[in-house]
Amino acid sequence: MSVSTRLTSLGRVLFFISSMPLPVLVYMVFRFICANLLCRFRLCAETGAPNGYAQPDSFIMHAYYMQLTVFPIAGKCRRRLQGKSAAFAKMQDKRENSHASRGSFTGELSMLLLAHRGYHQFAPENTLAAFEAAVALGLDGIETDVRLSRDGQALLIHERVLGNRQLVAELTRREIEQALARPVPTLAEALERFHDILWNIEIKTPDALPAVLEILRRYQQSRRLFVTSFRHELVVRCAESLEVDCGFLVAHRPVQLQELLNRHTDRRKIRSIVWDYNILDEEMLRDTAASGWRSFVYGAVTPAEHRHCAGLNLAGLITDFPQYLKK
């Protein structure tokens, strides 16, 4: 790696760090230090080895404990920092006022900002660490993907095929974690851990639907849930089975938009479309709003695209780069 490349990478890291609010930065450093200390002690106790890495897969265990064991302590630190920070207090008040109704959200709110697969600038996507970072940043919601593993677990993972060319659906949770060298949370674990945030749950495949429905029935009264899918028949099934908001993911511009909207006028829980930024235009958004539907957008990449979305009448933006809009 050349010197210029290293300097460029260092500059990017410094840019991301400098864009983070000070309480978030302090919290993340504290969590990292505490996690390593606590998890090292716990692994030593479980393995009987001086360094805690004597048994196979202990590295994965260490990463898993880093995300699970220390969160209650680190969460107290985050809340204390938020309480002492006027900026965080103001941000929290805004979030609470915007989400006065726990069971749903409304189109009258200002644009919601959702972290696409969590805030993964410093943590792998779709992990508890990425979700915790999104919460610490004060975002309105988190988007995540659900697939079913071979052992029947509803896992939060986007990939259909792993790097070893094995299908996620043909592997157990443990095998997937070994292949990725990191823990892979379940939908229930994420919903149980993070309460006060909007969850946009994308169902990737039909085989995951029964497990997702079973889990969401347990949490639909105590969490803010928004279920989406490119498989529109799955969205319809969720709307018929659950008391949650649902929406269609759309990656192409419909030839007859009104036909798509009118087809579901009797389904009151389906009133949102999540558009790919590549096909977005203001006329389509106006027609969608005129029919009583909300519009979300995913896929914005550049700062200019984020500013463009902020100027539109959107219900929310699902983004990998929330730092472009979050001050």
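The values are calculated or read from the model by the stated rules, or taken from the named source; none is laboratory data. Since the structure is predicted, the reported quantities are computational estimates derived from the model, not experimental observations. Cβ atoms come from the backbone with ideal geometry, glycine included; neighbour counts cover every protein chain shown.
Kindly check whether there is at least one residue in region 221-234 that is touching a strand residue (DSSP E or B) at 6+ places or on another chain (Cβ under 7 Å), assigned to a helix (DSSP H, G or I) and not acidic (Asp, Glu).
yes
More than 20 Å from Ile142 (Cα to Cα) and surrounded by fewer than 19 Cβ atoms within 10 Å (Cβ to Cβ): does that describe Val255?
When the stated conditions are applied, Val255 passes them.
Out of the residues in region 288-318 meeting the condition of being farther than 21 Å from Phe230 by Cβ and of a type in the set (D, E, K, R), tell me which one is modelled with the lowest pLDDT.
Arg307
Quick test for you: out of Arg165, Arg173, pick the one residue that is out of contact with any helix residue (DSSP H, G or I) (no Cβ under 9 Å at 6 or more places or on another chain), assigned by TED's automatic domain parsing to the domain that holds Ala134 and at pLDDT below 95.
On inspection, the qualifying residue turns out to be Arg165.
Mind telling me which of the residues Glu214, Glu202 ends up being under 19 Å from Ser241 (Cα atoms), buried (at least 20 other Cβ atoms within 10 Å of the Cβ) and of a type in the set (Asp, Glu)?
Glu202
I need the full set of residues from region 235-259 which are touching a residue at least 40 places away in the same chain (Cβ under 8 Å) and part of a loop (DSSP other than H, G, I, E, B), in order please.
Glu243, Val244
Quick test of your reading of the structure: Leu209 fulfils all but one of (1) farther than 18 Å from Gly141 by Cβ; (2) not in a helix (DSSP H, G or I). Name the failing condition by number.
Condition (2) is where Leu209 drops out.
Please enumerate the residues belonging to region 294-304 that are out of contact with any Leu (no Cβ under 6 Å at 6 or more places or on another chain), within 27 Å of Gln258 (Cβ to Cβ) and not small (Gly, Ala, Ser).
Passing the criteria: Arg294, Phe296, Tyr298.
Which pairs turn up if I take residues in region 260-275 that are assigned to a strand (DSSP E or B) and look for partners that are basic (Lys, Arg) with beta carbon separation below 8 Å, at least 6 apart in sequence or on another chain?
Arg271/Arg294; Ser272/Arg294; Ile273/Arg294
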